[in-house]
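**Q** So that we are looking at the same thing, I have put the structure below in structure tokens.
The values are calculated or read from the model by the stated rules, or taken from the named source; none is laboratory data. Note that this is a predicted model, so its numbers are computed, not measured. Here the Cβ positions follow ideal geometry from the backbone for every residue, glycine too, while neighbour counts run over all protein chains shown.
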Amino acid sequence: MRRNSPVEHSEFRRLRRRLGIAFAALIGVTAVGAVGFWIIGGRSYSLVDALYMTVITLTTVGFTEVIDMSANPAGRVFTMGLLVVGMGIVAYSVPMMAAFLIEGQLHNIFSRRRMQKSIEEMHDHYIVCGDTTTAWYVAEELLLTNRSMVLVTPDEGSMETATAVLGELPGVIGDPSNNDVLVNAGIERASGVVVCMESDKDNVLVVLTARRLSSTARIVAATERPETDEKLRVAGASAVVSPSRIGGLRIASELVRPKVVSFLDQMLRDDRGSLRVEEVTIPDGAPTIGKTFESLNVDEVAGSILLAVRDPAGNFKFKPEPETIVEAEMTLVIMADAEGCSRLERQLAGRRRSTRMT
């Protein structure tokens, strides 16, 4: 069943009410004017003539009067009253309706409703919660690697900043620590959640809320303070990352192994492809279980290279021997583009792709 965002629903209802009042008032004053002029004209004029008199009165265009008011004091009084009341209604209604059309407010409302519907159709997607540059980089990486994602920002300004950097993308505006906001982002169907708020306190609250709403999603949180690491893990984070620490390691790598860094930069920033280090897990019941890696021919799958495997006990083996036996829940670490990863998943009968290895 489709759930509308409380903010979106309230905004749409308020917009509909305002437009309804304006339209009803405009129709009402036009109807009163038309009937009034028809009666004043002695009912010898048609309703079209009376409507014409009403329109030229309300718009003050000054065309020739069809119904003569020169010898009709009551008609003049009625016309003055219609002008005073009607002009106020016209001044309120017409500019407001024009603003909705010209400024695109109606378009924005319906665009958000379409976006919410597309979010509700997502499964195994990723939710990025944040109002920081780190959040934008995470969202960009997910988009580049063809992963379904939803951006959640606490305010309109943050969303505008994100769309200016990344272009149009599925998003929800609201406090990510609010249950309704995360539900509208599809937390119950999400594969993973990233939390990159400006404040560590907000990070803890968002992680706590996300974990309470989803016991299976992988939650990765960012923090700059080592003392917050444990709090985030207790709140439910699957992993905690320090952007400053990652930045420091990158600077050191640039210093001592520049060619490797240059290769990784080219791999990550090449606009012509999406080559990444990926992981593919072999699920229970896959037909490849019990076979050897030699029979899998992973390196022969277009767009993928096998780097290592991780057995169910958590041990890594780099470039496994051809006679290594495939086990259920074994994870293959590969270098692949998005298409190559999908091909390998289909070959191994994997159900879905997990997050990028770091």
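**Q** For residues that are under 21 Å from His123 (Cα atoms) and either acidic (Asp, Glu) or not in a strand (DSSP E or B) (or both), tally how many sit in the range 214-235.
**A** 4
**Q** Please specify each residue of the range 313-332 satisfying the condition of being of a type in the set (A, V, I, L, M) and touching a Lys or Arg at 6+ places or on another chain (Cβ under 6 Å).
**A** Val326
**Q** Among the residues of the range 201-213, is there at least one that is out of contact with any Gly (no Cβ under 7 Å at 6 or more places or on another chain), in the same structural domain as Thr132 (by TED's automatic domain parsing) and part of a loop (DSSP other than H, G, I, E, B)?
**A** no
**Q** Oh, and also: Quick one: Thr228 ticks every box in (1) closer than 18 Å to Asp175 by Cα; (2) at pLDDT below 95; (3) touching a helix residue (DSSP H, G or I) at 6+ places or on another chain (Cβ under 6 Å) bar one, so which box is it?
**A** With respect to (1) closer than 18 Å to Asp175 by Cα; (2) at pLDDT below 95; (3) touching a helix residue (DSSP H, G or I) at 6+ places or on another chain (Cβ under 6 Å), Thr228 is out only on (1).
**Q** Which of the residues belonging to the range 68-88 are in contact with a Ser or Thr (Cβ under 9 Å, 6 or more places away or on another chain) and of a type in the set (Val, Ile, Thr)?
**A** Thr79
**Q** Out of all the residues in the range 39-93, which are at pLDDT below 85 and among the aromatic types (Phe, Trp, Tyr)?
**A** Hits for the range 39-93 are Tyr45, Phe63, Tyr92.
**Q** One residue is enough: does the range 256-276 have a residue meeting the conditions at pLDDT below 95 and part of a strand (DSSP E or B)?
**A** For the range 256-276, residues at pLDDT below 95 and part of a strand (DSSP E or B): present.
**Q** Can you tell me how many residues in the range 306-331 are closer than 15 Å to Glu345 by Cα and outside any loop (DSSP other than H, G, I, E, B)?
**A** Number satisfying all stated conditions: 3.
**Q** For Ile282, all conditions in the list (1) modelled with pLDDT of 80 or more; (2) farther than 21 Å from Ala217 by Cα hold save one; what is the number of the exception?
**A** Exception for Ile282: condition (2).
**Q** May I ask you to list the residues in the range 285-312 that are over 23 Å from Thr145 (Cβ atoms), modelled with pLDDT of 85 or more and of a type outside the set (Asp, Glu)?
**A** Selection gives Ile289, Gly290, Lys291, Thr292, Pro312.
**Q** Conditions first: (1) in contact with a helix residue (DSSP H, G or I) (Cβ under 9 Å, 6 or more places away or on another chain); (2) in contact (Cβ under 8 Å) with a residue 40 or more places away in the chain. Val138 passes all but one, so which condition is the exception?
**A** (1)
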